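Chemist: Encoded as structure tokens, here's the structure I'll be asking about.
The values are calculated or read from the model by the stated rules, or taken from the named source; none is laboratory data. Note that the structure is predicted; figures quoted are calculated from it, not measured. All Cβ positions, glycine included, derive from the backbone under ideal geometry; neighbour counts span all protein chains shown. Note: accessible area is taken over every heavy atom of the protein model, side chains too, but ligands, DNA and RNA are not part of it. Shrake-Rupley method; radii C 1.70, N 1.55, O 1.52, S 1.80 Å.
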Amino acid sequence: RLFSAFRPSEAAVAHLARAFRAVALPSGVRPTPAERWHLTLGFYGNEASVPERADHLDTQLAGLAPPTLRLAGAGTFPGVLWVGVQPATAGDREALRRIAVAAGAGRRYQAHVTVARWRLDRPTALMVGQLASYAGPTWTADRVDLVHSEPGGAHTTVHSVPLSAW
């Protein structure tokens, strides 16, 4: 499986990891390892070509400004607990939107980092409530990684595109 993503800074990951340790997860909820935390921009599936996708990202992301972001708040999708992504300014919000569109995000794009998963119904309100007021440090998302998700969950960066407004 191939996807493009921002990876939060080391400081942002460490800050969230400290906060997440205090979250009481119900039985059957599996935390996502911090080393795999990322902000998906585009998902390309199992049949995508790495060279074609890399060329596409190089072209589409050229000249786009890097946004300043922070991890903040929380929510759920079916089977997923996530921490939200908050742009620092309106300009950063627009930069994130442009990058996500260029990378192939759908119209209903919700910027987030998945921190836990489960298969059956779980008391999500409790988990979300424990992270609802979370706000981490800001970081500048200065590159987009093209990532291969391997069986077993390992993520390998196969290409990176630096962002620069210059």
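Chemist: Relative contact order, percent, of the chain when contacts are C-alpha pairs under 8 Å separated by at least 6 residues?
Modeler: Working: 327 pairs, mean separation 59.7, N = 166.
Once normalised by length, the contact order is 36 percent.
Chemist: Using only the alpha-carbon atoms, what does the chain span along each of its principal axes? Please give whole angstrom values in decreasing order.
Modeler: Principal axes ranked by extent give 44, 36, 28 Å for the Cα atoms.
Chemist: Find which of Ser160, Pro67, Leu126 sits farthest along the positive direction of the dipole of the chain, computed with +1 on the beta-carbon of Lys and Arg, -1 on that of Asp and Glu, about the Cα centre.
Modeler: Leu126
Chemist: How many percent of the accessible area of the chain is carbon or sulfur, using a 1.4 Å probe? Could the numbers behind the result be given before it?
Modeler: Details: 4560 of 8880 Å².
The value for the chain is 51 percent carbon and sulfur by accessible area.
Chemist: Using a 10 angstrom Cβ neighbour count of at most 14 plus a DSSP loop assignment to flag exposed trypsin sites (Lys or Arg not before Pro), which longest range of the chain is free of such sites? Walk me through the intermediate numbers first.
Modeler: Numbers: sites that count: Arg1, Arg21, Arg107, Arg108, Arg119.
Free of exposed loop sites, the longest segment is 22-106.
Chemist: Which of Thr59, Thr32, Thr138 moves the most in a Gaussian network model of the chain with Cα springs under 10 Å?
Modeler: Thr59
Chemist: If you don't mind, another one. Among the GluC sites (Glu not before Pro) in region 26-84, which ones are in a DSSP loop with at most 14 other Cβ atoms within 10 Å of the Cβ? Mind listing them?
Modeler: Details: sites: Glu35, Glu47, Glu52; in loops: Glu47.
Hits after loop and neighbour filter: Glu47.
Chemist: Can I ask one more? For region 79-159, take the alpha-carbon Rg, divide it by the Kirkwood Rh, and send me Rg/Rh.
Modeler: Working: Rg = 15.0 Å, Rh = 15.2 Å.
Answer for region 79-159: 0.99.
Chemist: Under 8 Å for C-alpha pairs, at least 6 residues apart: give me the relative contact order for region 1-72, rounded to a whole percent.
Modeler: Working: 42 pairs, mean separation 38.1, N = 72.
Rounded, it is 53 percent for region 1-72.
Chemist: In addition: How far is the Cα center of region 106-134 from the Cα center of region 1-75, in Å?
Modeler: If we compute the Cα centre of each part, the gap is 14 Å.
Chemist: Also, I was wondering about something else. Could you quote the convex hull projected area for region 1-54, Cα atoms only and averaged over all directions, in nm²?
Modeler: Working: hull surface 19.9 nm².
Directional mean of the projected Cα hull area for region 1-54 stands at 5.0 nm².
Chemist: While we're looking at this one, here's another question. Could you please report the charge total around Val113, scoring K, R as +1 and D, E as -1 over all other residues with beta-carbon less than 13 angstrom from its beta-carbon?
Modeler: Charge balance near Val113 sits at +3.
Chemist: Now for a different question. Sequence gap at least 6, Cα distance under 8 Å: using those rules, report the relative contact order of region 45-118 to the nearest whole percent. Spell out each step's value before the answer.
Modeler: Working: 83 pairs, mean separation 24.1, N = 74.
Rounded, it is 33 percent for region 45-118.
Chemist: On to the next question. Taking the 0 to 90 degree range and rounding to the nearest ten, how far is the long axis of helix 10-20 tilted relative to the main principal axis of the chain, both from C-alpha atoms?
Modeler: That helix lies at roughly 20 degrees to the long axis.
Chemist: Same structure, new question: Charges only on Cβ, +1 for Lys and Arg, -1 for Asp and Glu: so what's the dipole of region 5-60 about the Cα centre, in debye to the nearest 20? Don't skip to the end; give the middle numbers.
Modeler: Numbers: 6 positive and 6 negative charges, 101 e Å.
It works out to roughly 480 debye.
Chemist: According to the Kirkwood expression over distinct Cα-Cα pairs, how big is the hydrodynamic radius of region 14-94, in Å?
Modeler: 15.7 Å
Chemist: Among Leu25, Leu69, Leu61, which one shows the biggest mean-square fluctuation in a GNM of the chain, springs joining Cα atoms closer than 10 Å?
Modeler: Evaluated over the chain, the most mobile residue of the options is Leu25.
Chemist: Hey, what's region 1-82 come to in accessible area per residue, 1.4 Å probe, Å²? Kindly include the intermediate steps, with their values, before the conclusion.
Modeler: Numbers: 4030 Å² over 82 residues.
Heavy-atom accessible area per residue stands at 49 Å².
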